[in-house]
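The values are calculated or read from the model by the stated rules, or taken from the named source; none is laboratory data. For clarity, every value in this text was computed on a predicted model and none was experimentally measured. Reconstructed Cβ throughout: ideal geometry from the backbone, glycine too, with neighbour counts over all protein chains shown. Note: accessible area is taken over every heavy atom of the protein model, side chains too, but ligands, DNA and RNA are not part of it. Shrake-Rupley method; radii C 1.70, N 1.55, O 1.52, S 1.80 Å.
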Amino acid sequence: MARLTRREFLAAGGKSAAGALTVAGLAGCAAMRGETESTSRRRVVVVGGGWGGATAAKYVRLADPTIEVVLLEPSATFVSCPFSNLVLSGVRGIGQLTFGYEGLRKHGVKVRHEAATAIEPDTRRVRVGDGMLAYDRLIVAPGVDFLLDQVEGLAAAQDRILHAWKAGPQTVELARQLHAMPDGGVFVLTVPPVAYRCPPGPYERICQVAWYLKAHKPRAKLIVLDANQNIVSKAALFRAAWQAYPNIEYRASNKLARVDPGAREVTTDFGDTVRYDVVNVIPPQRAGAIAVQADLVGADKRWCEVDHVTYESVKHRNAHVVGDATIGLPVPKSGTIANAMGKICANAVVSLLAGRPVAAVPPLNTCYSWVNDREAMAVVNAYKIENGKVVQIEQKLTAGHSTLYAQHAEGWARSVWTDILG
Amino acid sequence: MTWAVVAAVVVALALGATAGVGRAEEPGYAKAVTCSACHGFGGNSRVEAVPILAGMAPAYFKKAIEDYAAGRRVSAEMEPFAKQVTLLGVDELAAFFAAQRRAPVASRPDRDAAERGRAAAGPCASCHGAQGQGDQAKVIPRIAGQQAAYLRNQLLLFKADKRSPGDEAVTKMKAALKEIPDAALADLAAYYSGLR
C-alpha cells in the first residue's frame, strides 16, 4: 500500500467505501512521515473462522479499525462444539448452536467463505482458489483434523462411522442413529489418546448418551473404549456423575485399533472385539491440514509451537497460530482458551504492526460439562506469564455438578458466543 | 484540486473516520480483554447473572477481586481469576473498567416488580444513594444499571450470610435483609437494574 502510485491513490480515494479511504489515507500518512513499507502495508489474513479465528478477526478490528482484516472460512455458518453433546441427547437443537458471520462483517471484517488451500510464509501469501492473497500478518486458526490412518479401516468407513467431533451435520446424524438404536442395543464410544480437542468432551458425551439411554432405552448399554489410562479431565467429578448411569461400561487403556463397519465390530490393540449397534469413533487428532501444509507443525507433524505472548509460530515469522492447533502451553484445547488466544493474539498483531511493545497477557479457561439434561460442573484454570512463558497459577474444580453450574454454563455460552461473533 | 489538497482531504477523512475508535492504545485494554468472554466487551455483561464491570468504582473493583481471591466471596470461577487479575495488575484493570461507559442492561425488567422495588428501596438509598449511584469514598457499590439476576443473587447471599462473613460494613444490611422475603429482593434488583 505504501507503494501506491498517484493514480492508484486517487482511484482508492475516489471510492466511497470507508475502507478504501482509510487505507489510502494511511498510505498518505506513511509517505508523509517517511515510515517503512512494513509498517504501512497492513492487512491481516485470518485462516479459519472457529472460536480462535473468528475472535481474532473481530478483535484486530476492535483494536485498530484501520487494519484490513480478511477472514477465510469455507463454512457459511459457525456451529458451536461446546453444547453440541446436548444435541445427541436431544436436550438442544443444532439450530440453537448455529450462528452467522454477519456480526463480524459489521466490525468491518471481510468474511470470505472460501478455503485457504496453501500458505507461503516466505512470500507472505495465502492461496485462495486460483488467486493469492498477500498479508502483513497471518493468523492461522486451523482447528483439528483427524489421523484416520491410525485406526485400520477408519478412512474407508467415513460415511458410516461418525466422529461428530466438529459440530454440524455429523452431530445431527449421530443423534439420529442414537435415537433410532433398538432398546437393548450397544452404543460404543471410543476416546482417542491425548492430545485431542476438548479434554472433558468425550466424558461429557458419555454422560449425555448414558442419560438419553437411561431415559429412553433402559435395556441399552454404552461401552466406552478409552485409549487413555484414566479419564483425562475432571476424573473424580465424572466418576461421581456416572454413579447415576449403571448403563456405562468404561474400559480404560483400551486403544482402538480396527473398525469393521460390515460386521459392526471394533477391535482394541489388545485384540478384544466389541460388537456395536451404533459406534462413535472420536479419532486421534492433529492440527488442521493447512497448518501441516504450511509447515507450522513441529517434528511430530501434529501440533504448532508458538510464542506464549504473541502466538507467533516458532517456525515462521509473521504467522501466528491460535486455538486447538497449538501445543506447548499448559492449557487445554478448549473453546474458552481459543477465544482468549484469539483476543491476545489480535492485540499482539496490532501492536507488532504498529511497532509497539506487546503486552504480556495470559489466557484463562472455564470449561463446563453437562452431566444430564439440567446439571453441569466446571473446571477453571488461571495463568500468569513468567519469563515469557504461560504458567498455570491454579486449577479449580467445582465441588460437584448442580443446576447452578448449568446456569453458569448457559450464561457463559451466550456471553462467549457474542464475544466471538457479535 | 491539486495532489496535495486531495491527499490532505483523504488523510483528514481517514483520521476522522477512525479517531477514537481503535482501542489498541487505551490503558488497560490489552490486559482486560480476556474478561470479555463472560463480562462482555468493555465489561458490559449481556448476561443477567454476570455483573457489569463498566463504570464500576476502582476501589470496589479492587475489593471484589481481593474478596474473591481470599474466598470471602465464594465463586469457583472467580477465585482463580481473581488471583490472575492480582498478578496481572488489579489497579490497571480497575481503572480500565471504571473508565468504560455502563450500557443499559439488555433485558427489560418486569415493570410491576420494578415499581414494587422502588416503593421498598428507601432503606437501600441511605447507603447506596437516592439513585443507587453508590458512594466511592465508602466503597459502596453503584447498583444502578447493574444486571438484575446478579443483584438478586448477591442479596440472597448476603441474606444467608454467605458473602463477606464478618465484614462489619455489611452487618447492618444483612440484618435488614433477613426481614425481607426473597421475592421482594427480586423486586429491589429489578428496580435498581432499570435505573440509569
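Restricting A:214, A:234 to residues that are on the phi > 0 side of the Ramachandran plot and not polar (S, T, N, Q) narrows the list to A:234. Scanning region A:338-356 for residues that are surrounded by 22 or more Cβ atoms within 10 Å (Cβ to Cβ), over 17 Å from residue A:135 (Cβ atoms) and more than 10 Å from chain B (Cβ to nearest Cβ) returns a single hit, A:338.
Can you name the residue in region A:196-221 that is in a helix (DSSP H, G or I) and of a type in the set (Phe, Trp, Tyr) and is also least open to solvent (accessible area, probe 1.4 Å) among such residues?
Of region A:196-221, the ones in a helix (DSSP H, G or I) are A:201-216.
Restricting the remaining residues to those that are of a type in the set (Phe, Trp, Tyr) gives A:203, A:211-212.
Values: A:203: 0, A:211: 55, A:212: 19 Å².
Here the residue is A:203.
Checking each residue of region A:217-227 against the condition of being of a type in the set (Val, Ile, Thr) and closer than 23 Å to residue A:253 by Cα gives at least one match. For residue B:41, the conditions (1) more than 19 Å from residue A:368 (Cβ to Cβ); (2) open to solvent by 50 Å² or more (accessible area, probe 1.4 Å); (3) more than 8 Å from chain A (Cβ to nearest Cβ) are fulfilled apart from (3).
Filter region B:128-145 down to residues that are of a type outside the set (D, E, K, R), closer than 20 Å to residue B:66 by Cβ and either open to solvent by less than 70 Å² (accessible area, probe 1.4 Å) or touching a helix residue (DSSP H, G or I) at 6+ places or on another chain (Cβ under 6 Å) (or both), then give me how many there are.
The total comes to 5.
Here A:258, A:239 are screened, and the one residue that is in contact with a Gly (Cβ under 6 Å, 6 or more places away or on another chain) and surrounded by fewer than 18 Cβ atoms within 10 Å (Cβ to Cβ) is A:258.
Among the residues of region B:44-64, those that are within 13 Å of chain A (Cβ to nearest Cβ) and open to solvent by 10 Å² or more (accessible area, probe 1.4 Å) comprise B:44, B:46, B:48, B:49, B:50, B:51, B:53. Quick check: is even one residue across region B:70-92 at pLDDT 95 or above, surrounded by fewer than 18 Cβ atoms within 10 Å (Cβ to Cβ), under 13 Å from the mean Cα position of the chain (by Cα) and not assigned by TED's automatic domain parsing to the domain that holds residue B:142? No - not one qualifying residue is present in region B:70-92. Among helices (runs of 4 or more DSSP H) entirely within region A:1-111, having at least 3 residues that are at pLDDT 95 or above and more than 12 Å from chain B (Cβ to nearest Cβ) singles out A:51-63, A:85-88, A:102-106.
So is residue A:405 open to solvent by less than 60 Å² (accessible area, probe 1.4 Å) and either more than 7 Å from every other protein chain (Cβ to nearest Cβ) or of a type in the set (Lys, Arg) (or both) or not? Reasoning before the result, please.
Numbers: open to solvent by less than 60 Å² (accessible area, probe 1.4 Å): yes; either more than 7 Å from every other protein chain (Cβ to nearest Cβ) or of a type in the set (Lys, Arg) (or both): yes.
In short, yes.
For region B:1-61, give me every one of the helices (runs of 4 or more DSSP H) that falls completely inside it and has 1 or more residues that are at pLDDT below 95 and not aliphatic (A, V, I, L, M). Passing ranges, in order: B:3-18. Out of all the residues in region A:411-421, is one or more more than 8 Å from every other protein chain (Cβ to nearest Cβ), among the small types (Gly, Ala, Ser) and farther than 23 Å from residue A:80 by Cβ? No, the conditions are met nowhere in region A:411-421. On the stretch given as region A:361-382, residues that are in a loop (DSSP other than H, G, I, E, B) and at the interface with chain B (Cβ under 9 Å from one of its Cβ atoms) total 4.
If you take the residues in region A:386-401 that are more than 9 Å from every other protein chain (Cβ to nearest Cβ) and part of a strand (DSSP E or B), which one is least open to solvent (accessible area, probe 1.4 Å)? Lay out the reasoning, then the answer.
Quick first cut of region A:386-401, residues more than 9 Å from every other protein chain (Cβ to nearest Cβ) only: A:386-392, A:400-401.
When the remaining residues are screened for being part of a strand (DSSP E or B), the result is A:386, A:389-392.
Numbers: A:386: 86, A:389: 103, A:390: 9, A:391: 46, A:392: 74 Å².
It comes out as A:390.
If you filter region A:97-118 down to residues that are touching a residue at least 24 places away in the same chain (Cβ under 8 Å) and within 17 Å of the chain's Cα centre (by Cα), you find that the one that is surrounded by the fewest Cβ atoms within 10 Å (Cβ to Cβ) is A:100. Restricting attention to region A:304-317 and to residues that are open to solvent by 30 Å² or more (accessible area, probe 1.4 Å) and assigned to a loop (DSSP other than H, G, I, E, B), the residue that is farthest from residue A:125 (Cα to Cα) turns out to be A:307. Can you say whether residue A:326 is within 21 Å of residue A:417 (Cα to Cα), in contact with a Cys (Cβ under 9 Å, 6 or more places away or on another chain), surrounded by 19 or more Cβ atoms within 10 Å (Cβ to Cβ) and at pLDDT 95 or above, as far as the supplied structure shows? Taking the combined requirement at face value, the residue does not satisfy it. When restricted to residues that are open to solvent by 40 Å² or more (accessible area, probe 1.4 Å), within 22 Å of residue B:114 (Cβ to Cβ) and either under 20 Å from the mean Cα position of the chain (by Cα) or touching a residue at least 60 places away in the same chain (Cβ under 8 Å) (or both), region B:153-179 contains 4.
Kindly indicate whether any position in region A:352-372 is of a type in the set (D, E, K, R), out of contact with any Pro (no Cβ under 7 Å at 6 or more places or on another chain) and under 27 Å from residue A:421 (Cβ atoms). Please lay out each step first, then the result.
Here is the first cut: in region A:352-372, the residues of a type in the set (D, E, K, R) are A:356.
Then keep just the ones that are out of contact with any Pro (no Cβ under 7 Å at 6 or more places or on another chain); that gives A:356.
Pick out the ones that are also under 27 Å from residue A:421 (Cβ atoms) and you get none.
No, there is no match, as no residue in region A:352-372 is of a type in the set (D, E, K, R), out of contact with any Pro (no Cβ under 7 Å at 6 or more places or on another chain) and under 27 Å from residue A:421 (Cβ atoms).
Could you please give the count of residues in region B:97-121 that are part of a helix (DSSP H, G or I) and open to solvent by 50 Å² or more (accessible area, probe 1.4 Å)?
Of all residues in region B:97-121, those part of a helix (DSSP H, G or I) come to B:97-98, B:111-120.
Next, only the ones that are open to solvent by 50 Å² or more (accessible area, probe 1.4 Å) stay: B:111-112, B:115-116, B:118-120.
Total satisfying the criteria: 7.
A count restricted to region A:166-195 and to residues that are surrounded by fewer than 24 Cβ atoms within 10 Å (Cβ to Cβ) and assigned to a loop (DSSP other than H, G, I, E, B) stands at 11.
Could you please let me know if residue A:305 is in contact with a Ser or Thr (Cβ under 8 Å, 6 or more places away or on another chain), of a type in the set (Asp, Glu) and within 30 Å of residue A:319 (Cβ to Cβ)?
Numbers: in contact with a Ser or Thr (Cβ under 8 Å, 6 or more places away or on another chain): yes; of a type in the set (Asp, Glu): yes; within 30 Å of residue A:319 (Cβ to Cβ): yes.
Yes; evaluated as a whole, the condition is true for this residue.
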